[in-house]
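The values are calculated or read from the model by the stated rules, or taken from the named source; none is laboratory data. Since this is a predicted model, take the numbers as computed values, not measurements. Every residue, glycine among them, receives a Cβ derived from its backbone with ideal geometry; neighbour counts consider all protein chains shown. The protein model used for the area step is the full one, side chains on, heavy atoms only, and it has no ligands, DNA or RNA in it. Shrake-Rupley method; radii C 1.70, N 1.55, O 1.52, S 1.80 Å.
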Amino acid sequence: MSDRCESAKTAAIVLGGGLKKVTDGDQTWYEPEEQAKARLDRAYALFIVGEADVIISTGKYGPMTEIDPNVTGPQTEAEVGAKHLIAKALSEGAQDVHRRIEDGILIEDQSQDTIGNAWFSKQLWLEPQGITSCIVVTSDYHIERSRLIFEWVLGPRYTVRCAEAPSPLTGEERARRDQFERGLTALMQQHLMSGIAAGDDEALQHFIENEHRALLAGGGPPADGFTPPAAQPPATELDR
């Protein structure tokens, strides 16, 4: 824990929502998926009205994703997200906003899921800059689990609130996703959060470097039996 004065800044932490490839002629590049754009646009709005002082654009890429070597430009969700935010400011002709956005974007490009989003945002930006207030920006179906994860990883010294972005999920698809979210949240509370105290960086780092890394690498469940629920959404949406 940092012993310096805490910053009065608030960080909007945008959770990665996937990448899509766009091809025009002989050029191929990544853009955010539609749900990712919705999250980024919500963070942009918070920044514009002054609710957020900085935006942390998060995400390496999903654990099931393979990077196409033919893609040019930004390769990670965090970098692609930052590019989207800067382009949005330029498209609206707001030069002052463009300058503020460029100065206010922080890149967290190490994480591959929500737990990683929280851990690496804390280690790379929140702790070093003394920021203890954050707004987690994610899709509406993902709000409750994200809030619990961030409160657990960041610990009681931090203030965590959430801002939801609309998702395209409806009907049976949304019902399946909600069931998955409830099941995974319950398992995390039982097998992870009950064994590691909120904000315990030493225990969390051990988990991130061992059991969590094994899960992302497909190495099977950790010794405590933690596994995602059977009613899963598509693999690319496992923890996004």
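Averaging the inverse of every distinct alpha carbon separation and then flipping it gives the Kirkwood radius. What is it for segment 33-132, in angstrom units? Mind showing how you got there, number by number?
Working: mean 1/r = 0.0706 Å⁻¹.
That comes to 14.2 Å for segment 33-132.
Rule-of-thumb check for the chain: C-alpha Rg over 2.2 N^0.38 Å? Walk me through the intermediate numbers first.
Working: Rg = 17.6 Å, N = 240, 2.2 N^0.38 = 17.7 Å.
Output field value: 0.99.
Please work out the average accessible area per residue across segment 1-138, using the 1.4 Å probe convention, and give it in Å². Working shown, then result.
Working: 6100 Å² over 138 residues.
Value for segment 1-138: 44 Å² per residue.
5 Å is the cut-off here: which amide hydrogens, built 1.01 Å from N in the peptide plane, fall below it relative to Thr10, excluding neighbours closer than 5 in sequence?
Asp53, Val54
Find which of Gly50, Val71, Gly25 sits farthest along the positive direction of the dipole of segment 1-84, computed with +1 on the beta-carbon of Lys and Arg, -1 on that of Asp and Glu, about the Cα centre.
Gly50
Say R0 is 22 Å: what FRET efficiency, to the nearest 0.05, do Arg213 and Arg100 get from their beta-carbon distance?
Details: r = 36 Å, r/R0 = 1.65.
So the FRET efficiency works out to roughly 0.05.
As an exercise, use a Förster radius of 51 Å and the Cβ-Cβ distance of Ala8 and Thr170 to find the FRET efficiency, rounded to the nearest 0.05.
0.80
Can you tell me the length gained on complete extension of the stretch Ile67 to Lys20, counting 0.36 nm per residue apart and subtracting the Cα distance? Walk me through the intermediate numbers first.
Values: separation 47, 0.36 × 47 = 16.92 nm, distance 1.08 nm.
Result: 15.8 nm gained on full extension.
How much of the DSSP bridge set in the chain is antiparallel, in percent, rounded to the nearest 5?
Working: 6 of 27 bridges.
Approximately 20 percent, going by the DSSP bridge assignments.
Please give the contour-minus-distance gain from Gln179 to Asp140: 0.36 nm per residue of separation, less the Cα-Cα distance, rounded to one decimal in nm. Show your work: numbers first, answer last.
Numbers: separation 39, 0.36 × 39 = 14.04 nm, distance 1.38 nm.
Computed gain between Gln179 and Asp140 is 12.7 nm.
Taking every pair of distinct Cα atoms and averaging 1/r, then inverting, what Kirkwood hydrodynamic radius in Å comes out for segment 71-208? The partial results should precede the final answer.
Values: mean 1/r = 0.0596 Å⁻¹.
Here the Kirkwood hydrodynamic radius works out to 16.8 Å.
If you average 1/r over every pair of different alpha-carbon atoms in segment 25-67 and take one over that average, what Kirkwood value in Å do you get?
Value: 12.6 Å, from the Cα pair sum.
For the chain, with all protein chains present and a 1.4 Å probe, just round the carbon and sulfur fraction of the accessible area to a whole percent.
Details: 5670 of 11360 Å².
On the chain, the fraction of accessible area on carbon and sulfur atoms equals 50 percent.
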